[in-house]
Amino acid sequence: MGFPMGRRRVVTALAAVLAVGAAAAVVYRVLAPAEVTTVARRAYPAAATPQVGVIGRLPVAPLIVDGRLRVYAGTRQLYADQPVDGKHRVTPFWSYRRWPAKLDGVLADGTTVVSRWSDGKLVALDARTGRVAWRADGPEAAELPESRRTYASTVWGPAGLHVARAADGRAVLVAAGAGQLDGYDLADGRRLWRIDRERGCIGAAGTTATGEVLGLDACDGPETVEFRDPATGAVRTRWRPPDAPDEFVVTPVGCRQGHSGCRGLRISGRSDGSGRGWLVGPGNPVAAPALDGADAELDGERAIGTTAGVITGRSARTGEELWRRGDLGPVRIIAVEPGLVHLLTDRKDLVTLDPVTGAERSRFAMDIGRDGIGWVPGRAYAADGYLALERVRERAGPDDDDQAYFLMAEPVLLAAT
């Protein structure tokens with residue numbers, strides 16, 4: 001005995017509604033905005049004291065945090081592993097994932113790791129546990145750059161994400177986006193100030209060692225360099241370099257980390273990659289002739305440069321030669337951190353010098369196993385005495401896909417210097 005026709009239609013319709021509802025629930029669970037935090041289940045590791053030399057190789061670029069963790073980026077994930085001197089990437093110590101936003105940039109200061117996402121959200125994590133310390137709404141990035149599979153640009157040079165030290169000692173996070181510039185107390189994520197202007201006419205290039213926000217303003221007339229108070233966002237100084245074109249590029253140099261805590265800058269035209277060097281501090285920038293040219297780096301007030309196989313240290317202000325090394329052969333400066341200059345020779349030896357005297361601190365081959373030295377250096381990063389370097393195929397071009405571009409599946413070498 002079956003159901004009457006009318007009741008059968010009701011049952012069928014009800015079943016269809018339930019099926020649609022179940023499907024909708026599944027779709028919602030899969031596609032709805034989500035946040036997944038996996039906190040640390042082990043104690044915070046102690047700082048390591050690795051032997052000098054190549055430690056290991058990694059598939060992605062590490063950000064060294066507090067001398068104890070390595071933090072990595074993914075398309076929609078931020079995660080850490082330890083120990084900091086491990087030979088390979090291992091199971092995450094903690095991880096944080098968001099959906100559907102994409103990770104735009106990562107910055108670390110002490111034990112605080114700040115991430116910025118494609119929807120403008122700022123999320124700070126406690127590096128010791130992986131727990132969310134605070135969340136804040138920030139400016140959306142002007143454009144989301146394409147990251148290669150190592151995510152080196154995401155963790156080693158996040159655009160528009162910097163830290164400044166205010167006069168009272170507070171750490172201030174500066175986030176720049178499309179026509180917006182915001183300052184936050186790094187300790188709790190409280191917004192301190194906000195500046196809204198026309199899209200594309202204002203931005204932050206970095207912060208200075210004396211605690212100012214270094215930016216470029218093109219809202220009213222020719223481009224002008226601005227120095228802002230990190231606690232209030234107020235402009236302290238506006239400056240244009242002599243004989244500067246209406247449009248130019250500002251590149252911070254001599255920075256403590258990324259483009260934060262910088263002691264100098266280089267001004268170049270849009271189509272000129274060399275530029276003129278300047279020291280920054282209280283008042284207007286001071287000309288630093290020894291920083292002219294793209295091959296010079298800065299440590300304190302010492303400019304380090306290479307010419308025809310000779311590396312020299314000079315006074316950035318006067319150009320006076322302080323020391324000279326001509327015994328290393330052809331070399332390339334690949335990274336500078338406070339108190340250390342890292343060079344790569346044509347035989348792929350990593351040489352680390354004291355920028356004050358030019359004395360050699362360490363030297364070893366940037367090679368591991370049977371990988372060989374048939375590669376050219378890509379992006380590089382140095383912090384806390386560690387150096388990480390991408391290895392790129394010798395004939396690779398900028399338009400090649402990642403498989404053709406990188407040397408192998410684990411293209412990043414990590415070394416202790």
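Summary table
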{"quantity": "Reachable lysines from residue 102, criterion Cα separation under 23 angstrom, eight or more residues apart if same chain", "calculated": "121"}
{"quantity": "Rounded if a/c under 1.5, otherwise prolate or oblate - the stretch 265-382, Cα gyration tensor axes", "calculated": "prolate"}
{"quantity": "Gained length - residue 118 relative to residue 167, 0.36 nm times residue gap less alpha-carbon distance", "calculated": "14.5 nm"}
{"quantity": "Listed peptides 187-193, 228-234, 113-119 by packing density, highest first (mean Cβ within 10 Å)", "calculated": "113-119, 228-234, 187-193"}
{"quantity": "The chain - percent relative contact order, Cα under 8 Å, separation 6 or more", "calculated": "11 percent"}
{"quantity": "Over the stretch 239-372, relative contact order from alpha-carbon pairs under 8 Å, at least 6 apart, %", "calculated": "14 percent"}
{"quantity": "Full-stretch length increase - residue 347, residue 295 - with 0.36 nm per residue and alpha-carbon distance subtracted", "calculated": "16.8 nm"}
{"quantity": "Candidates 402, 243, 109, ranked by Gaussian network fluctuation over the chain, Cα under 10 Å, top entry", "calculated": "243"}
{"quantity": "Normalised contact order of the stretch 35-171, rounded percent, pairs of Cα under 8 Å and 6 or more residues apart", "calculated": "23 percent"}
{"quantity": "Inverse of mean 1/r across different Cα pairs in the stretch 119-181, Kirkwood, Å", "calculated": "13.4 Å"}
{"quantity": "Where labels lie 7 Å past Cα in the beta-carbon direction, separation of residue 234 and residue 402 in nm", "calculated": "4.7 nm"}
{"quantity": "The chain - percent of accessible surface contributed by carbon and sulfur, probe 1.4 Å", "calculated": "50 percent"}
{"quantity": "For residue 134, residues with placed amide H under 5 Å, excluding near neighbours", "calculated": "124"}
{"quantity": "Efficiency of FRET between residue 320 and residue 376 - r from beta-carbon atoms, R0 35 angstrom, step 0.05", "calculated": "0.55"}
{"quantity": "Karplus-derived HN-Hα couplings along the stretch 201-212 (A = 6.51, B = -1.76, C = 1.60, θ = phi - 60°), whole Hz, x at Gly and Pro", "calculated": "9, 9, x, 10, 8, x, 9, 9, 5, 8, x, 10"}
{"quantity": "Rounded if a/c under 1.5, otherwise prolate or oblate - the stretch 88-201, Cα gyration tensor axes", "calculated": "oblate"}
{"quantity": "For residue 132, solvent-accessible area (1.4 Å; no DNA, RNA or ligand), Å²", "calculated": "40 Å²"}
{"quantity": "Per-residue ³J(HN,Hα) for the stretch 127-132, Karplus 6.51 cos²θ - 1.76 cosθ + 1.60, θ = phi - 60°, Hz, x for Gly and Pro", "calculated": "4, 6, 10, x, 6, 5"}
{"quantity": "Linear extension gain, residue 360 paired with residue 46, 0.36 nm per residue minus alpha-carbon span", "calculated": "110.2 nm"}
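The values are calculated or read from the model by the stated rules, or taken from the named source; none is laboratory data. If you're wondering where the values come from, they're calculated on a predicted model, not measured in any experiment. Heads up, the Cβs are rebuilt from the backbone with ideal geometry, glycines too, and the neighbour counts pull from every protein chain shown. For accessibility, only protein heavy atoms count, side chains too; no ligands or nucleic acids. Shrake-Rupley method; radii C 1.70, N 1.55, O 1.52, S 1.80 Å.
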